[in-house]
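The values are calculated or read from the model by the stated rules, or taken from the named source; none is laboratory data. It should be emphasised that the depicted structure is a prediction, and the values quoted were computed from it without experimental measurement. Neighbour counts run over all protein chains shown; Cβ positions are idealised from the backbone, glycine included.
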Amino acid sequence: MTCEYKLYNPTWCPGCGNYMIRDALKQALEELDIEPHNAVIVTGIGQAAKMPHYIGANGFNGLHGRALPPGIGVKLANKELTVIVESGDGDTYGEGGNHFIHAIRRNVNIAHFVHDNQIYGLTKGQGSPTTARGQKTTLQFDGVKLEPVKPLALSLTMGAGFVARGFSGDKAHLVNLMKEAITYNGYAHLDIFQPCVVWNKINTFRWYKDHTYYLPDYYDYTDYENAYKKALEWDDGIPLGILYKVEKDTYDDSFDFIKNGEPLVDAELNPMDAEKYMKEFY
Amino acid sequence: MDYTILIGGAAGQGIDTTVGLLERIIKRYGYHVFTYKNFMSMVRGGHNFMQIRFSDKPVTSYSTKLDMIYAFNQESVEFHKDRLKEDGVVILDKNISTDEDYIYLPLVETAKSLNNDKVASSVGLGAILNYLGLPLELGKKVLEDELAPKIFEVNRQALERGYELLERKYNIDKREDNNILINGNQALALGAIAAGCKYYCGYPMTPSSSVMTYIAKHANEMRIVVDQIEDEVGALNMALGASYAGVRAMTGSSGGGFALMVEALSLAGIIETPIVVFNAQRTGPATGFATRTEQADLRFMIHAGHGEFLRMVIALRSPEDAFYQTARAFNLADKYQIPVLLMTEEYLTNYNITHEPFDFSKITIERHLATESDVTEERYKRYKFTENGISPRLIPGQIKGQVVLVDSHEHNEYGNIDEDADNRVKMVDKRARKIDSLKEEIQEPWFIGSDSPENLIVCWGATYGAVKEAVNRLNEKGLSIGALIYGDIWPFPTNKLNELGRNAKRIIDIEHNSTGQLESLIKEFTDLKCTDRILKYDGRPLSGDEIVQRLDLLI
Ligand SMILES: Cc1ncc(C[n+]2csc(CCOP(=O)(O)OP(=O)(O)O)c2C)c(N)n1
Ligand SMILES: [Mg+2]
C-alpha cells in the first residue's frame, strides 16, 4: 500500500475506546488513499482531542471547545486538504456548542467525528452534555440534573446534510461510516459512542452493545422526518449507521473563486493589484 | 484660509450624505479637508454632528472654533453656538427659526416646490456652495458621482435652486487636487488587501465593522474570504486555522470582542502561527460608549493572554499610518510567527482626511515560508530549536511525506505534547529569543517639533493629529516644544525617549485615558518621569485647539 499512516504511542487508558477510533481512522484514510500530507486532523482539548499526536497526519491541536473554527479556516484556505475535526462530547457540545450550531449552518466540506463517551474524561469524570440525567459522577454527587443534549437531533434541526452514529466497538462498521463522512461533500456529523473505562461506569462496552441496533439496509436515509424520529430513539434501542444523508450546496462552493479557482493558499500576492481602489477616494 | 463648518441634526436626517457631498466638493476644489464625525449610538433621533474643516494647508485635527453651523434642527444651534467665532454664521431652514441672528432660508419650501421634501438638505448645500465661493458645476459633478442615478436629477435641481438663495461671501481660488479623502478603517482595510490578506473574519462591533464591510466590497475580485462568524472566539480561532494552512489572515473587533479573543491569542503565541488582529478602541469598560473614542486598552493589548508569549503591538496614528503599518504587520507576523496587534481608536476609524494617494509600490510581501530545502531532517520539526528562535515554517500539503503539527500544549520540536522539564525551558526560551531580532525592527516613535525641546510631549496613536497641530502652533509662537508619537509600542522602544527626555525640562504625557498608561510604561522601562499630564476620557477626542489651550496653562 502506498498510503500509510504512522502510529505513535498513545497515553490513553488501556481499554479506552479511542484506540479503536484511531485504528478505524487510519484504515479509513488509507482505504480512501488520502495521503498523510493531505489530511489535517483538527482537535480541541480532551482525551479524544489528543488524536493528532498519535497518528501521523497534519494536526492542529487547538483549544478546548474550539476545534471546529480552525477546521473551517483550514478548509477554506486550502480546499485540497481533507479536514477532519475530532473532539470529545464535552468539547463539542459543551464548550464549543455555539461553534457546533453554526458550523452546521455554514456547511463547509469537513468531517466531524465526536468521540462521545458521555463524560468529561480528561478532567476526571464530571458530567458532560450527553451524560444521562440522574447519573452520578465525580462532581454531580446527587446525579446530573440537566437534560442531555441529543446531538443528532440537534444537527438535524440545524440542517446538517450528513448525520450518523457509530460505535468504537465495531471497527468495520465505523470505518465505513468514516469513509462516508469524509467523502460526503459538506459538513458531516458522526457521533461515535466510545466507552470510557475509568470515568463512566454506566455507559460501558456492554451497555452500548445492549442498547444499540443497526439501521437495516432498506432504511431510507433521505427521509428527514424519519431520521428525526430515529435521532430521538434512546431507551428502546439506539440506531447505529447513517441516519440522514442528502446532497446540499456547500459554503465552500458558494465562493466562485474557491469553487472554480486554485486553492487560496496558492494565490500570487501582489500589492499593486489593489492600487486601483485608490480611485474610490478621489 | 482655515474654515470650519458644523453640520448637525438628528440621526436619520441625512447629515452624513450632506457632509459626504460637501467635503468631496471642497476636496476636488483643491483644499485640504478634515472631517470629524460625532455620532450617538442610535439609528434614529439623538444629536449627531460633523465638522468639516478645510484649508489651503494640510489639517490634522478638527477645530474647536466654528465659522458656520448648518443646522437641521434647533438643538444643533443650541448645542454649538457658543463655539461660533465672532463673525460665525448659522444657516437653517426658516421653519426652525427666523431669529435675526441667523441666516434662515426657505429650504423645505424650495424642496416642496420640487415635489420632494427630502432634497431640502441639497437646497441648503447649494446655498452654502455659493456662500463659500465654490462653483455650482463642481457641485453638480460631485452629486452625479456620489448619488444614485434615480435621485441625482432632483438633487441637482435642488442644488441649483439653493445656489440662488444665498449671496457669495468668499471668493476662493481653485487649487490643484491630487488627493484622496479617506478614514482610518478604510486605510487599514486597504493595507490588509494590499498585503494579500485572503481571509478576514469577524463579528460586527462598532467601530471596527467598517473594516470588514470595506474588505467584503472587494472580496470577490481580490479572492478574499470574508466571513461573519458566530462570535469573536470563533473568529480568531478560525483565522488561526486559515493562517496555519498558509494564507494571510486577519480579524478585528473593538474592546469587548477583543476580550473574547484573548484565549486564542495565547494559542497563537504557543502554536507560533502568524496572525494580525486589530482592536478599534471605543470608550470602555464593557459596552462603554459604542461610538466614542478612548485609548484605554494599551495595557490590555500588551498583556492580553494567559502565559508568557511574544507579541507585537502597533498603535496606528493616522489613516496613512494605518495603511502602511497594517501591511507591515503581515510581514512581521509571518517573519516572527507571532500575533501582531494593531490598535486603532474610534476617532481614527471615522475621521476623513485628505492625503496624497498611498504608494502601493512601497508595500512588500515577505512570507518567510519554508520550502523543501529547509526541511533537513527526516521528519519535519515544526518547532525546531534555532539560534534566533524562528523555526522554518512549513504549511500543510506542500511536501509529500511531511506533516505539520501545531499544538496548544507545551510541545517538543515535532509539535507533540511533551511535559519534559528541560524541553519546556528550551521551548519557552526558543519562543522568547525571537524578541532580540524583533527589537531591531521596532521603529522608534515619530518626533516632531523643535530640536532638543525643553518641553517634550509623549503620546501614542491617534492623538498624533491634534498634537501635531498644537506643536506647530506653539513652535511658531517661539516655544521650545516637541513631541514623540508612539506607533510601535510593544516591545517598548526607549532610545529616542531617553535621548530627548534627559534634556527636557518637562515631559508631558497626553492620552485619552484616565490613568496614563503610556506614562506607566515610561516609568517601567526608563528612569524618566512625566512631569505633567493631559488626560481626556470623556469619550470626545482632543483637538489641536484644546491641547494648545491646556499647554498654555501648563507651560
Ligand atoms: C477553556 C477550558 N476550560 C476547561 C478546560 C479543561 N478541560 C479539558 S478537557 C475538558 C473536558 C473533556 O471532556 P470531553 O471533551 O468530553 O473529552 P474527553 O476527555 O472525554 O475525551 C475540560 C473541561 C480547558 N482545557 N480549557
Ligand atoms: Mg468525553
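Structure above, values below:
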read-out: Scan of region A:21-55 for residues that are more than 14 Å from chain B (Cβ to nearest Cβ), away from ligand 1 (no atom under 14 Å from the Cβ) and touching a Gly at 6+ places or on another chain (Cβ under 9 Å), ordered by number; value: A:ALA24
read-out: Pairs, first of a type in the set (Asp, Glu) in region B:261-279, second more than 16 Å from ligand 2 (Cβ to nearest atom) and in a helix (DSSP H, G or I), C-beta under 9 Å, six or more apart; value: B:GLU263/B:VAL233; B:GLU263/B:LEU236; B:GLU263/B:ASN237; B:GLU272/B:TYR336; B:GLU272/B:ARG431; B:GLU272/B:LYS434
read-out: Considering residues of region B:474-527 that are in a strand (DSSP E or B) and of a type in the set (Gly, Ala, Ser) only, the residue surrounded by the fewest Cβ atoms within 10 Å (Cβ to Cβ); value: B:GLY482
read-out: Matching option when the condition is of a type in the set (Gly, Ala, Ser) and under 19 Å from B:GLU146 (Cβ atoms), among B:GLY46, B:GLY30, B:GLY8; value: B:GLY30
read-out: Region A:108-121: number of residues that are farther than 18 Å from A:ALA153 by Cβ and either over 11 Å from the mean Cα position of the chain (by Cα) or within 16 Å of ligand 2 (Cβ to nearest atom) (or both); value: 8
read-out: Residues located in region A:62-90, provided they are more than 7 Å from every other protein chain (Cβ to nearest Cβ) and surrounded by fewer than 24 Cβ atoms within 10 Å (Cβ to Cβ); value: A:HIS64, A:LYS79, A:THR82
read-out: B:LEU484 aliphatic (A, V, I, L, M), at pLDDT 95 or above, under 20 Å from the mean Cα position of the chain (by Cα) and on the phi < 0 side of the Ramachandran plot; value: yes
read-out: Which numbered condition B:THR283 fails, given (1) touching a strand residue (DSSP E or B) at 6+ places or on another chain (Cβ under 8 Å); (2) farther than 21 Å from B:HIS512 by Cα; value: (2)
read-out: Residue tally, condition over 17 Å from A:GLU30 (Cα atoms) and in a loop (DSSP other than H, G, I, E, B), over region A:46-65; value: 6
read-out: Output for region A:89-141, where each listed residue is part of a loop (DSSP other than H, G, I, E, B), of a type in the set (Phe, Trp, Tyr) and touching a residue at least 40 places away in the same chain (Cβ under 8 Å); value: A:TYR120
read-out: Cβ-Cβ under 8 Å pairs, at least 6 apart or on other chains, region B:1-21 side closer than 19 Å to B:VAL142 by Cα, far side at pLDDT below 95 and surrounded by fewer than 19 Cβ atoms within 10 Å (Cβ to Cβ); value: B:GLY14/B:LYS118
read-out: Selection within region A:74-99 - farther than 16 Å from B:ASN237 by Cα and charged (D, E, K, R); value: A:LYS79, A:GLU80, A:ASP89
read-out: Test: residue in region A:214-222 that is touching a residue at least 24 places away in the same chain (Cβ under 8 Å) and assigned to a helix (DSSP H, G or I); value: no
read-out: Listing of helices (runs of 4 or more DSSP H) fully contained in region B:85-191 that carry 3 or more residues being within 30 Å of A:PRO271 (Cα to Cα); value: B:136-146
read-out: Residue ID - farthest from the other protein chains (Cβ to nearest Cβ), chosen from residues in region A:91-119 that are β-branched (Val, Ile, Thr) and near ligand 1 (Cβ under 8 Å from one of its atoms); value: A:ILE119
read-out: Where a residue in region B:386-405 is within 8 Å of another protein chain (Cβ to nearest Cβ) and under 17 Å from B:LEU240 (Cα atoms) and its partner, wherever it lies, is crowded, with 20+ Cβ neighbours inside 10 Å and of a type in the set (A, V, I, L, M), with Cβ under 6 Å and at least six apart; value: B:PRO396/A:VAL40; B:PRO396/B:VAL404; B:GLY397/A:LEU81; B:VAL404/B:LEU394
read-out: Residue satisfying condition, being aromatic (Phe, Trp, Tyr), surrounded by 19 or more Cβ atoms within 10 Å (Cβ to Cβ) and away from chain A (no Cβ under 11 Å), within set B:TYR170, B:TYR200; value: B:TYR200
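Rundown of residues vs (1) within 26 Å of B:ASN171 (Cα to Cα); (2) surrounded by 21 or more Cβ atoms within 10 Å (Cβ to Cβ); (3) outside the structural domain of B:ALA120 (by TED's automatic domain parsing), yes/no style:
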position	(1), (2), (3)
B:GLY12	no, no, no
B:ILE15	yes, yes, no
B:MET42	no, no, no
B:GLY46	no, no, no
B:ASP56	yes, no, no
B:ILE69	yes, yes, no
B:ASN73	no, no, no
B:GLY88	yes, no, no
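Quick grid of which residues meet (1) hydrophobic (A, V, I, L, M, F, W, C); (2) facing chain A (nearest Cβ under 9 Å):
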| site | (1), (2) |
| --- | --- |
| B:LEU181 | yes, yes |
| B:ASN185 | no, no |
| B:ILE193 | yes, yes |
| B:GLN228 | no, no |
| B:GLY234 | no, yes |
| B:ALA239 | yes, yes |
| B:GLY256 | no, no |
| B:LEU265 | yes, no |
| B:GLU272 | no, no |
